[in-house]
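Have a look at the structure that comes next, please.
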């Protein structure tokens with residue numbers, strides 16, 4: 001199944017739900033809930049709680065992130081919010097402000 005892409009210049013306000021992966025290159029405000037992976041591209045701005053199997057953050061996220069598998073905060077990525085996941089990686093150059101819950 002192909003990923004759902006929210007392209008640059010697109011701004012969405014509301015709740016996004018999907019069975020597959022979602023790639024955000026634009027901006028989203030609200031809530032994102034998917035069964036696959038959420039990828040936040042470097043220029044993307046997300047002001048939403050995110051729930052997914054895996055989350056990769058290269059842009060800016062303000063909101064709580066819950067992942068059943070892993071959360072990857074990439075170099076240049078910014079996260080302000082709490083993380084609940086079994087694994088969390090934070091690359092050099094990333095910024096994070098919040099709490100982490102890593103219970104299985």
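For the range 1-14, what are the residues that are part of a loop (DSSP other than H, G, I, E, B) and in contact with a strand residue (DSSP E or B) (Cβ under 8 Å, 6 or more places away or on another chain)?
3, 10
Let me ask something else about it. Can you tell me which residue in the range 42-58 is surrounded by the most Cβ atoms within 10 Å (Cβ to Cβ), limited to those that are over 9 Å from the mean Cα position of the chain (by Cα) and over 9 Å from residue 31 (Cα atoms)?
The qualifying residue surrounded by the most Cβ atoms within 10 Å (Cβ to Cβ) is 44.
Is it true that residue 18 is crowded, with 21+ Cβ neighbours inside 10 Å and either over 13 Å from the mean Cα position of the chain (by Cα) or more than 14 Å from residue 3 (Cβ to Cβ) (or both)?
no
Ok, one more. So which of 65, 28, 38 ends up being surrounded by 21 or more Cβ atoms within 10 Å (Cβ to Cβ), within 15 Å of residue 95 (Cβ to Cβ) and modelled with pLDDT of 95 or more?
When all the criteria are applied, what remains is 65.
The values are calculated or read from the model by the stated rules, or taken from the named source; none is laboratory data. As the structure is a computational prediction, the values presented were derived from the model and not from experiment. Positions of Cβ are generated from backbone atoms using ideal geometry, with glycine treated the same way; all protein chains shown enter the neighbour counts.
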